[in-house]
Amino acid sequence: MAKDHNPDLKNNGNGDSSRQLASCNTVSGVQNSRGIVIKNTGNLYLVRTEDGNDINCTAKGHFRLKGIRSTSPVVVGDRVHIEHQIGEGMAYIVKIDERKNYIVRKASKLSKHSHILAANIDLTLLCITVSSPETTTVFIDRFLATAEAYNVPVCLVFNKIDIFDEIDLEYVDALMNLYSIIGYQCLRSSVVTGEGIAEIKELVANKTTLLAGHSGVGKSSIINELQSEMALKVGEISNVHNMGMHTTTFSEMIELDGGGFVIDTPGIKGFGTIDMEVSEVSHYFREIFKFSAKCRFNSCMHINEPDCAVIDAVENHYISQSRYKSYLNIIEDIGPDKYR
């Protein structure tokens with residue numbers, strides 16, 4: 001079951017991705033309304049209300065007294081209640097509706113804190129490149145495990161295929177085969193050749209879609225294809241580390257003319273899992289969870305126990321070595337003072 005990082009802020013948790021916002025009302029010179037957070041820049045938030053107004057907001061201080069160990073208690077995609085004095089430009093977020101789901105990772109510089117990328121997501125497109133820059137299977141599997149834990153559907157988009165040589169393309173095909181067998185939807189895409197763009201447009205229509213991945217994997221270019229008038233800045237690849245340079249510095253929800261929203265986020269270098277118990281990790285690897293039902297012991301950790309069906313499946317190639325390695329990697333990294 002997905003965990004909730006703000007249990008004290010629950011309300012009615014509407015799961016519809018369309019704009020479901022209550023009407024505004026005014027009491028004693030204070031205007032109260034509901035809206036969706038469409039941009040987050042540090043401690044400032046842009047909230048779009050039901051009537052289409054975008055209002056600059058800040059969170060009330062009491063949010064930070066509720067034990068939310070997060071780099072930000074409010075994130076893009078949150079449905080919030082705001083209040084502000086009539087005639088003033090700045091409003092206050094006073095309440096967050098219950099989230100239907102979200103994507104969360106361990107904050108890289110604050111290992112005991114979480115970093116929630118976005119909330120109330122209908123679909124995540126995890127953009128992957130096998131080189132320039134490389135997206136490792138460990139990164140992919142950590143992201144997928146977290147998405148499983150918090151009930152976020154994911155499609156793997158193998159992007160920039162126009163730049164890959166024959167060996168790279170063979171590796172793309174192997175990865176797509178691996179993850180398709182597990183049950184994840186996979187696409188090849190290129191904004192240069194147009195391959196996969198029509199399929200992506202169809203996928204995101206009338207949904208709230210999160211684009212995630214390393215810097216340099218082409219997220220901004222894909223958004224430009226989805227909403228050409230955006231003309232988002234596209235970064236170059238660093239020659240030093242073969243990694244993408246950050247071109248998005250804040251999270252933003254962009255409304256699409258064709259219906260729906262796409263959430264653009266800064267590139268992710270590492271993906272540290274958080275709030276997972278060691279005994280839960282296998283539940284978030286679909287194929288490991290499936291084979292674990294045949295293990296001799298219900299408490300089997302699939303490491304060195306006798307009659308372990310998971311280990312047997314790895315040895316007989318029913319579970320890939322890379323996925324099993326990622327599973328062990330998360331277990332090893334589960335300690336409170338570790339981050340990768």
Which peptide among 114-124, 217-227 comes first, and what is the full order, when sorted by highest mean count of other Cβ atoms within 10 Å? 114-124, 217-227
Cβ-placed point charges (K, R +1; D, E -1), dipole of segment 105-220 about Cα centre in debye, nearest 20: 840 debye
Compute, for Val152, the solvent-accessible surface of its heavy atoms (probe 1.4 Å) with the complete set of protein chains present, and express it in square angstrom to the nearest 10. 10 Å²
Scattering curve values for segment 135-237, log₁₀ I(q)/I(0), Debye with Cα scatterers, q = 0.10, 0.18, 0.20, 0.24 Å⁻¹: -0.28, -0.98, -1.22, -1.64
What does the charge count near Gly258 come to, summing +1 for each Lys or Arg and -1 for each Asp or Glu among other residues with Cβ under 12 Å from its Cβ? -2
Distance check, please: which entries in Lys100/Lys290; Lys207/Lys290; Lys100/Lys207; Lys39/Lys95; Lys39/Lys100 exceed 23 angstrom between their Cα atoms? Lys100/Lys290; Lys207/Lys290
Ala59's amide H: which non-local residues (gap 5+, or another chain) put their own amide H closer than 5 Å, with H modeled 1.01 Å from N in plane and none for Pro or chain starts? Ile93
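The values are calculated or read from the model by the stated rules, or taken from the named source; none is laboratory data. This is a predicted model, so every value here is computed, not measured. Using ideal geometry, Cβ is built from the backbone for each residue, glycine included, and neighbour counts are taken over all protein chains shown. Just the protein is used for accessible areas: all its heavy atoms, side chains included, with ligands, DNA and RNA removed. Shrake-Rupley method; radii C 1.70, N 1.55, O 1.52, S 1.80 Å.
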